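Data block below; observations after.
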Amino acid sequence: MLQAQDIRKSYGRGAARFDALKGVSLTVHAGESVAIVGKSGSGKSTLMHLLALLDSPDEGVLLVEGSNAADLKPKEINRLRNEDFGFVFQQFFLTPNASVLDNVVLPLKIAGVPPRERRERGMAALAQLELADKAKSKAVNLSGGQKQRVVIARALVGSPKVIFADEPTGNLDTVTGGLVEDILFDLNKRGITLVIVTHDVELAARCDRQIFLRDGLEEHRPTITTGSAS
């Protein structure tokens, strides 16, 4: 599904230069769940942004389903981000005074999907997350857990192959975070590939594999299991 070969990424110049990734290689197979784990500044979010085509590496090769991302035209990259990829971020990125349904169908609107189909697909996604009754509510009036479920519905509305989740439970309490985790892993069981960025060891342990980053490099550690995380 995704393959990174010795990718590197730096920000700034001269004395202000920061090497976020210093040569990381990994493969994400279709249908698996992968955790990218590390402390703040380890490069984990940068790696996810590169895998999700939200940014480009300075060096190295990134393959998406066997195609070199560097050879893809902007239109194809936009299609991948809008149709094949879904995004769940810690900050939600919802439009506060827009309705829940309008927030969910935004990717479809950008893609030019007709209004009637947008509504049908949006309501179906909300129903999966048990939020159909909140379709007309303003996003600003939802709880943190409800907002995160709306974000997941928005990620699902395009029927993605991969969901990228950056600290998806970071702003939630333990109980609500656990419910959001259960939703994500249930989607993974249905065949959606899951790439999670986290510093939460227990969340990482639920994934099939963990990629540990430290100072922009992969750290080789034993696989975490749910038993060892408890």
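Restricting to the stretch 168-208, count the residues that are among the basic types (Lys, Arg) and buried (at least 16 other Cβ atoms within 10 Å of the Cβ).
1
Give the residue, chosen from LEU50, LEU54, LEU63, LEU101, that is more than 23 Å from ALA124 (Cα to Cα) and either in contact with a Gly (Cβ under 8 Å, 6 or more places away or on another chain) or assigned to a strand (DSSP E or B) (or both).
Residue meeting the stated conditions: LEU63.
Test each condition in (1) surrounded by 15 or more Cβ atoms within 10 Å (Cβ to Cβ); (2) over 17 Å from the mean Cα position of the chain (by Cα) for ARG116 and report the one that comes out false.
So the condition that ARG116 fails would be (1).
Hey, GLN90 hits all of (1) surrounded by fewer than 15 Cβ atoms within 10 Å (Cβ to Cβ); (2) within 17 Å of the chain's Cα centre (by Cα); (3) polar (S, T, N, Q) but one; which does it fall short on?
(1)
If the Cβ limit is 9 Å and pairs must be 6+ apart or interchain, which residue in the stretch 15-44 that is within 26 Å of PHE185 (Cβ to Cβ) pairs with which residue that is outside any strand (DSSP E or B) and of a type in the set (Val, Ile, Thr)?
Listed pairs, sorted by first residue: GLY31/ILE192; ALA35/ILE224; VAL37/VAL201; VAL37/ILE224.
Return yes or no: is GLU83 of a type in the set (Asp, Glu), under 17 Å from the mean Cα position of the chain (by Cα) and either surrounded by fewer than 17 Cβ atoms within 10 Å (Cβ to Cβ) or not in a loop (DSSP other than H, G, I, E, B) (or both)?
Yes: the conditions hold for GLU83.
Among the residues of the stretch 136-160, write down those that are surrounded by fewer than 18 Cβ atoms within 10 Å (Cβ to Cβ), part of a loop (DSSP other than H, G, I, E, B) and at negative phi.
Answer for the stretch 136-160, where residues must be surrounded by fewer than 18 Cβ atoms within 10 Å (Cβ to Cβ), part of a loop (DSSP other than H, G, I, E, B) and at negative phi: LYS136, SER137, SER143.
We did not get these values from a lab; they are worked out from the coordinates using the rules stated. All figures in this text were calculated on a predicted structure; none of them were measured in a lab. Methodologically, a virtual Cβ is constructed for each residue, glycine included, from the backbone with ideal geometry; neighbour enumeration extends over all protein chains shown.
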